[in-house]
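The values are calculated or read from the model by the stated rules, or taken from the named source; none is laboratory data. Quick caveat, the model's predicted, so the values are computed rather than measured. Here the Cβ positions follow ideal geometry from the backbone for every residue, glycine too, while neighbour counts run over all protein chains shown. Areas reflect the complete protein model, heavy atoms only, side chains present, ligands, DNA and RNA absent. Shrake-Rupley method; radii C 1.70, N 1.55, O 1.52, S 1.80 Å.
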Amino acid sequence: MIKQIQQATQFVRDNNFATVRRHVLSHDAHPLLQFVKYGVCGVGAFVVHIIVVNLLGATVFPFSDEIKDIELREKNTMINNSFGFLVSCGFAYWTNITFVFKPGRHSRRKEVSLFFAISAVSFFAGLATVPFIFGMIVEHFSEVEKYAQHIATLGFAVTSALVNFVCRKFIIFDK
């Protein structure tokens, strides 16, 4: 790992900004750099997801702590995350094929279908954490109950992300 960091540092020293930028944005970047780019794209998708969830939570399917019915807040949190999933998944696909992975292992239709299918599997795994987290908070951590929807959304995101990178890298895309 240290040798790879040294090589990367030397590469940056030996090349101008345009060359380094081109390499960073290349689909053939080093796997460690590729993972960092995936992480940046993932953070972007997570931000999109959170924006959608919170916009819906503030308007269409409210889930604020002012709503005293915890079951309604849980239900609305799940609905909002479902919509957030669709929007952020589209954003993630676009950023992944643009900056991280080389498309082309499959036809575009199959690639998009696999991307959304794998995302759906990880989504439902993440969604399953929502009632679990709400239950744990209500039972054991009532002092943070007003933050339950945010903690559950974070648990949802972490669970989903763990599955996605490996599946996207090894099942959907070329590299």
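Selection of the stretch 126-138 for residues being open to solvent by 20 Å² or more (accessible area, probe 1.4 Å) and in contact (Cβ under 8 Å) with a residue 60 or more places away in the chain yields only V138.
Of all residues in the stretch 152-175, those being open to solvent by less than 70 Å² (accessible area, probe 1.4 Å) and either assigned to a helix (DSSP H, G or I) or among the aliphatic types (A, V, I, L, M) (or both) number 15. Of the residues making up the stretch 53-78, those that are at pLDDT 90 or above, within 15 Å of L154 (Cα to Cα) and either of a type in the set (D, E, K, R) or surrounded by fewer than 20 Cβ atoms within 10 Å (Cβ to Cβ) (or both) number 1.
For V158, are the conditions met, namely being in contact with a helix residue (DSSP H, G or I) (Cβ under 9 Å, 6 or more places away or on another chain), without any contact (Cβ under 8 Å) to a residue 60 or more places away in the chain and within 22 Å of Q34 (Cβ to Cβ)?
Numbers: in contact with a helix residue (DSSP H, G or I) (Cβ under 9 Å, 6 or more places away or on another chain): yes; without any contact (Cβ under 8 Å) to a residue 60 or more places away in the chain: yes; within 22 Å of Q34 (Cβ to Cβ): yes.
Against the criterion (in contact with a helix residue (DSSP H, G or I) (Cβ under 9 Å, 6 or more places away or on another chain), without any contact (Cβ under 8 Å) to a residue 60 or more places away in the chain and within 22 Å of Q34 (Cβ to Cβ)), V158 qualifies.
Restricting attention to the stretch 23-52, the residues that are open to solvent by 60 Å² or more (accessible area, probe 1.4 Å) and in a helix (DSSP H, G or I) total 11. Screening the candidates F123, F101, F141, F115 for the property of being more than 21 Å from I51 (Cα to Cα), crowded, with 20+ Cβ neighbours inside 10 Å, free of Cβ contacts under 8 Å to residues at least 60 places away in the same chain and of a type outside the set (V, I, T) yields one hit, F115.
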